[in-house]
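Chemist: Quick one: structure below, then a few questions.
Rule-based calculations on the coordinates, nothing more; no lab input. Source: prediction; values computed, not measured. Cβ sites come from the backbone with ideal geometry, for glycine too, and all protein chains shown count toward neighbours.
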Amino acid sequence: MAHLGDTPPSSGSALGASTLPLRDPRTGALVGEMAATPEGDVAGLVARARAAGATWAATPLEERKGAIRRLASVFLARGSEIVDTLVAEIGKPPGEAWTSEVVTAQELFATWLEMIDDELADIPVPLNPINYPGKDVVLRLEPIGVVGLIMPWNYPIHLPLRTIVPAVLAGNAVVWKPSEYASRCGALLDSIFKAAFPADLVITIQGGPTQGAALIDGGVDRVVFTGSVAGGRAVAQRAAARLLPTSLELGSKDPAIVLHDADLERTVNGLVWGAFHNAGQDCASVERVYVDARIHDAFVEKVVAATRSLRVGSTSGTPDVGPLINAAALEKVHGHVTAAVAAGAVVRAGGEPTGEGYHYPPTVLTGVTDDMAVMREESFGPLFPIASFATEDEAVARANASPYGLTASVWSRDLRRAEALAARITTGVSFVNNCCFTGPMGAAAWGGRKESGYGVTGSRFGLEALVQPRTVCVDRSRGKKEMWWYPYGDNLVNMARGLVELTRPGGARLSGARMAVGGLLNRWK
Ligand code: NAD
């Protein structure tokens with residue numbers, strides 16, 4: 001296989017400045033370079049973000065919402081430019097770039113603007129008025145400070161936004177690092193942030209793992225990481241040394257289970273998209289398919305036909321499937337295919353690099369076994385390995401026999417049965433008769449189990465990672481003492497016993513009331 005060879009970032013000045021090579025994955029050609037942020041500058045940039053964040057935290061929520069409306073307006077006005085950059089840098093088919101990065105962002109802005117007042121409202125703490133007269137206690141959600149965000153390249157526009165939008169609304173500053181393979185998208189987003197936000201509120205640093213490490217060490221208050229399991233493990237270990245909380249959205253090997261009563265046409269259309277969109281480079285891509293043995297052959301025939309109809313590569317008009325991101329990805333994906341074939345699998349479509357840039361054709365494999373790398377490791381490429389099962393219990397057990405747990409899908413006309421089956425698979429997201437698509441939703445929680453990570457993005461549970469609850473107690477009572485203040489003595493004991501008798505099931509209510517009231521009157525004299 002032709003190996004086009006990526007150039008790693010080259011070292012520059014003593015401060016650690018370097019440049020990132022820019023490639024067009026559609027051709028593999030080197031098309032330029034991007035200056036990386038000197039790692040020695042990162043802590044200073046975090047300090048600048050902290051200063052901007054202090055003012056921002058005190059800004060009324062209405063003004064913060066105004067900034068997100070500005071962001072939405074600038075972002076959407078530049079939609080075509082965003083799509084062109086995604087096509088040039090990641091090789092996404094334009095239609096996919098629009099739907100998965102621009103339309104989803106439009107929904108994200110609207111959803112958070114709609115939800116944020118309720119989500120950030122003070123949460124009253126219910127108090128027993130006898131024990132705690134005249135007190136108001138609320139939980140107030142404050143910003144945590146500076147969020148350090150480390151991003152992958154596969155959705156280089158939407159993924160940063162899904163954290164930055166709620167983080168900024170909640171009153172935080174953000175310092176974020178795009179992937180070294182998506183620095184042009186990062187620079188474009190940076191220019192949009194500069195147009196929408198106060199200076200230094202959201203700062204972009206460019207570079208690879210070195211700059212990512214400098215960000216963790218640079219004084220941020222939380223690290224939000226999306227990327228590979230290996231990257232997440234290294235980030236979590238580094239953050240742990242500083243006792244920094246982290247959220248990790250990592251890789252997966254998502255299974256699909258096709259039951260015998262599935263609507264084959266919808267299932268095939270859905271799974272072919274689920275396996276091949278973004279050239280299979282989606283954390284929730286369908287990466288292994290278990291189909292009921294009774295419909296295996298009919299299913300395979302339809303999958304192969306649908307796969308062969310897809311247009312691949314930049315020379316075929318509007319492509320359905322773009323290239324992989326780099327030479328290493330191409331090598332890994334083809335390695336999974338050749339190893340599977342060597343162990344007895346059969347290629348039913350695709351199976352050889354097209355020779356154009358980093359393209360790999362959508363590939364269907366049958367005769368795969370669960371011990372093959374293509375069924376165990378994240379391929380992150382356009383592969384569709386199909387295995388058959390005899391019983392549903394067997395299918396669930398095989399789906400669960402994985403270190404990952406991001407999403408799973410079950411396909412059947414019996415919706416309740418399918419939902420119950422999906423619930424038995426250890427994942428953060430489950431689908432019936434669909435797959436993958438809820439990741440960008442502001443109101444839905446997205447997160448994995450097992451080695452697919454911890455913490456979520458989206459929904460109030462994602463917001464929780466971006467706020468710190470402060471318990472605020474304001475006492476309006478005029479009493480001179482609380483019942484639990486000094487002096488202690490029989491009076492306090494009687495009153496406490498009385499209060500318990502008054503409320504416990506089967507308690508002596510009358511004497512309890514007498515003891516409690518007597519005690520309280522004495523205490524508050
Ligand atoms: P990656 O782990 O190689 O890199 C991700 C980011 O982390 C990059 O910005 C990189 O520079 C940085 N980084 C890597 N090692 C680091 C270290 N030791 N210290 C600090 N920073 C470091 O991942 P990738 O190839 O960019 O992305 C693909 C992976 O991301 C796949 O495994 C995919 O499944 C996963 N992903 C997960 C989700 C999700 O929501 N669960 C979403 C998208 C992608």
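Chemist: Rounded to the nearest 500, what is the 222 nm mean residue ellipticity of the chain from helices alone, with -39500 (n - 2.57) per DSSP H run of 4+ residues and division by all residues?
Modeler: For the chain, the value works out to -12500 deg cm²/dmol.
Chemist: Would you mind checking the pairs Lys65/Lys480; Lys65/Lys481; Lys177/Lys450; Lys177/Lys302; Lys65/Lys332 and listing those with alpha carbons more than 32 angstrom apart?
Modeler: Too far apart for the 32 Å limit: Lys65/Lys480; Lys65/Lys481; Lys177/Lys302; Lys65/Lys332.
Chemist: Could you work out the relative contact order of region 254-437? I mean the mean sequence separation of Cα pairs under 8 Å and 6+ apart, divided by the number of residues, in percent.
Modeler: Averaging sequence separation for qualifying contacts and normalising by length gives 29 percent for region 254-437.
Chemist: Could you give the spread of the C-alpha atoms of region 254-437 along their three principal axes, from largest to smallest, in whole angstroms?
Modeler: Principal-axis extents of region 254-437 (Cα, largest first): 45, 31, 30 Å.
Chemist: What does the charge dipole of region 220-354 about its Cα centre add up to, to the nearest 20 debye, if the Cβ of each Lys and Arg holds +1 and the Cβ of each Asp and Glu holds -1?
Modeler: In debye, rounded to 20, region 220-354 gives about 460.
Chemist: Would you work out the charge dipole size for region 227-307 about its Cα centre, treating the Cβ of every Lys and Arg as +1 and the Cβ of every Asp and Glu as -1, and quote it to the nearest 20 debye?
Modeler: Approximately 600 debye in magnitude.
Chemist: Arranged by the count of other C-beta atoms within 10 angstrom, fewest first, what order do His359, His260, His158 take?
Modeler: The most exposed by this proxy come first: His260, His158, His359.
Chemist: Residues with beta-carbon under 11 Å from that of Pro382, excluding Pro382: net charge, scoring Lys, Arg +1 and Asp, Glu -1?
Modeler: Cβ neighbours under 11 Å give a net charge of -3.
Chemist: Let me ask something else. Just name one of Leu244, Gly453, Ala343: the one whose Cα is farthest towards the positive end of the charge dipole of the chain (beta-carbon charges, Lys/Arg +1, Asp/Glu -1).
Modeler: Leu244
Chemist: Tell me, what ³J(HN,Hα) does each residue in region 400-408 have, in order and in whole Hz, if you take phi through Karplus 6.51 cos²θ - 1.76 cosθ + 1.60 with θ = phi - 60° and put x for Gly and Pro?
Modeler: 7, 7, 8, x, 9, x, 8, 9, 8
Chemist: In debye, nearest 20, what is the charge dipole magnitude of region 254-437 about its Cα centre with +1 on Lys and Arg Cβ and -1 on Asp and Glu Cβ, if you could check?
Modeler: 180
Chemist: Shifting gears a bit: Cross-link partners among aspartates and glutamates for Lys253, C-alpha distance below 13 Å, same-chain residues fewer than 8 apart left out?
Modeler: Candidates past the 8-residue exclusion: Asp282, Glu287, Asp370, Glu377, Glu378, Glu451.
Chemist: Now for a separate question. Over all pairs of distinct alpha carbons, what does the Kirkwood formula give as the hydrodynamic radius of region 310-393, in Å?
Modeler: When all Cα pairs of region 310-393 are included, the Kirkwood radius is 13.3 Å.
Chemist: Give me the Debye-computed log₁₀ of I(q)/I(0) at q = 0.08 Å⁻¹ for the chain, equal point scatterers on Cα only, no solvent, two decimals.
Modeler: -0.59
Chemist: Also, quick follow-up: Nearest-5 percent of antiparallel DSSP beta bridges in the chain?
Modeler: 40
Chemist: Next question, about the same structure. Taking the dipole about the Cα centre of the chain, with the C-beta of Lys and Arg at +1 and of Asp and Glu at -1, give me whichever of Pro323, Gly95, Gly519 is farthest to the positive side.
Modeler: Gly519
Chemist: Same structure again: Starting from the Cα of Lys135, draw a straight line to each of the aspartates and glutamates and keep only those under 17 Å, dropping any in the same chain fewer than 8 residues away.
Modeler: Counting by Cα, and skipping residues close in sequence, Lys135 has these aspartates and glutamates nearby: Asp122, Asp475, Glu482.
Chemist: Rounded to the nearest 5, what % of the DSSP beta bridges within region 254-437 are antiparallel ones?
Modeler: That works out to approximately 10 percent antiparallel.
Chemist: Report the Cys residues of the chain lacking a disulfide-compatible partner, meaning no second Cys Cβ under 4.7 Å from their Cβ.
Modeler: Cys185, Cys283, Cys473
Chemist: Still on this model: Using a 10 Å cut-off around each Cβ, can you sort Leu521, Leu244 from fewest to most neighbouring Cβ atoms?
Modeler: Leu521, Leu244
Chemist: Here is a follow-up. Lys/Arg Cβ at +1, Asp/Glu Cβ at -1, dipole of the chain taken about the Cα centre: which of Ile144, Gly506, Val410 is farthest positive-ward?
Modeler: Sorting the options by dipole projection puts first Gly506.
Chemist: Enumerate the amide H contacts of Arg348 below 5 Å, restricted to partners 5 or more residues apart or on another chain; note that Pro and chain-start residues carry no placed amide H.
Modeler: When sequence neighbours closer than 5 places are left aside, the close amide H contacts are Val364, Leu365, Thr366.
Chemist: Continuing with the same structure: Residues with amide H under 5 Å of Val410's amide H, sequence separation 5 or more or different chain, H placed in the peptide plane at 1.01 Å from N; which?
Modeler: It is Ile257, Phe431, Val432, Asn433, Asn434, by chain and number.
Chemist: Using θ = phi - 60° and the Karplus relation 6.51 cos²θ - 1.76 cosθ + 1.60, list the HN-Hα couplings for region 196-210 in order, rounded to whole Hz, with x at every Gly or Pro.
Modeler: Values per residue, Gly and Pro as x: 9, 10, x, 4, 6, 5, 10, 10, 9, 10, 10, x, x, x, 4 Hz.
Chemist: While we're on this one: What is the chain's relative contact order, in percent, from Cα pairs under 8 angstrom and six or more apart in sequence?
Modeler: Over the chain, the number comes to 16 percent.
Chemist: Right, here's the next one. Which far-off residues, 5 or more places away or on another chain, put their amide H under 5 Å from the one on Ser247, with H placed in the peptide plane?
Modeler: Val223, Val224, Phe225
Chemist: Explain nothing, just compute: Karplus ³J(HN,Hα) = 6.51 cos²θ - 1.76 cosθ + 1.60, θ = phi - 60°, for every residue of region 80-85 in order, whole Hz, x for Gly and Pro.
Modeler: With coefficients 6.51, -1.76 and 1.60, one gets 5, 5, 4, 4, 4, 5 Hz.
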